[in-house]
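A.B. asks: There's a structure below that I have some questions on.
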Amino acid sequence: QVQLVESGGGLVQVGGSLRLSCAASGSIFRINTMGWYRQAPGKRRLLVAKITSGGDTNYADSVKGRFTIIRDNAKNTVYLQMNSLKPEDTAVYYCNYYSLTYDYWGQGTQVTVSS
């Protein structure tokens, strides 16, 4: 089992910044991928960004150049730095851990961008 604890969501104005954190604990496998997904009301959950334990990253086109994902393998923690936020970034953001065939999700943290 892997537990994910997220923090850092909140309310921010257009153009502002937020930093999300997700700490993983439990049966962490050395080779894994951690990432962030988001789900707006009435929409599907979609990838925002992910990063492998080797440091390879993948971003949704909508956030490229504005969001940065980094990880601290020693702390099993992944961060999502979100800059130049837009109203369409408003969603519940979920942390994800994937390794081998195991897939875990955090409880979600709300990000609201007001115009």
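The values are calculated or read from the model by the stated rules, or taken from the named source; none is laboratory data. From a predicted model like this one, the values you see are computed outputs, not experimental measurements. Positions of Cβ are generated from backbone atoms using ideal geometry, with glycine treated the same way; all protein chains shown enter the neighbour counts. All accessible areas refer to the heavy atoms of the entire protein, side chains included, with ligands and DNA or RNA removed. Shrake-Rupley method; radii C 1.70, N 1.55, O 1.52, S 1.80 Å.
A.B. asks: With respect to the numbered conditions (1) modelled with pLDDT of 95 or more; (2) not in a strand (DSSP E or B), which one is the sole condition not fulfilled by Ile69?
C.D. replies: Every listed condition holds for Ile69 apart from (2).
A.B. asks: State yes or no: is Ser25 assigned to a strand (DSSP E or B) and surrounded by 12 or more Cβ atoms within 10 Å (Cβ to Cβ)?
C.D. replies: yes
A.B. asks: Restrict the check to the range 79-99 and report whether at least one residue is among the aliphatic types (A, V, I, L, M), in a loop (DSSP other than H, G, I, E, B) and at pLDDT below 95.
C.D. replies: no
A.B. asks: Residues of the range 7-16 being part of a strand (DSSP E or B), open to solvent by 50 Å² or more (accessible area, probe 1.4 Å) and aliphatic (A, V, I, L, M), which ones?
C.D. replies: Correct list: Leu11 only.
A.B. asks: Restricting to the range 102-111, count the residues that are hydroxyl-bearing (Ser, Thr, Tyr) and either in contact with a Gly (Cβ under 9 Å, 6 or more places away or on another chain) or closer than 18 Å to Leu11 by Cα (or both).
C.D. replies: 2
A.B. asks: Picking from Arg19, Arg30, which residue would you name as being closer than 15 Å to Ser7 by Cα, open to solvent by 60 Å² or more (accessible area, probe 1.4 Å) and charged (D, E, K, R)?
C.D. replies: Every option except Arg19 fails the conditions.
A.B. asks: Continuing with this model, one more query. Taking the range 58-101, which residues are within 19 Å of Pro41 (Cβ to Cβ), open to solvent by 50 Å² or more (accessible area, probe 1.4 Å) and touching a Gly at 6+ places or on another chain (Cβ under 9 Å)?
C.D. replies: The answer is Lys86, and nothing else.
A.B. asks: Hey, another quick one. For Pro41, all conditions in the list (1) exposed (fewer than 13 other Cβ atoms within 10 Å of the Cβ); (2) within 23 Å of Ser115 (Cα to Cα); (3) modelled with pLDDT of 95 or more; (4) of a type outside the set (Phe, Trp, Tyr) hold save one; what is the number of the exception?
C.D. replies: (3) is the only condition that Pro41 fails.
A.B. asks: Let me ask you something else. Within the range 40-92, which residues are among the polar types (S, T, N, Q) and in contact (Cβ under 8 Å) with a residue 60 or more places away in the chain?
C.D. replies: Of everything in the range 40-92, those that are among the polar types (S, T, N, Q) and in contact (Cβ under 8 Å) with a residue 60 or more places away in the chain turn out to be Gln81, Asn83, Ser84.
A.B. asks: Among Leu20, Leu4, which is closer than 20 Å to Ser99 by Cβ, touching a residue at least 60 places away in the same chain (Cβ under 8 Å), among the aliphatic types (A, V, I, L, M) and assigned to a strand (DSSP E or B)?
C.D. replies: Leu4
A.B. asks: Something else: Within 13 Å of Leu18 (Cα to Cα) and in contact with a strand residue (DSSP E or B) (Cβ under 8 Å, 6 or more places away or on another chain), is that true of Thr109?
C.D. replies: Taking the combined requirement at face value, the residue satisfies it.
A.B. asks: Would you point out which residue out of Ala49, Ala23 is more than 10 Å from the chain's Cα centre (by Cα) and either modelled with pLDDT of 95 or more or not basic (Lys, Arg) (or both)?
C.D. replies: Only one candidate qualifies: Ala23.
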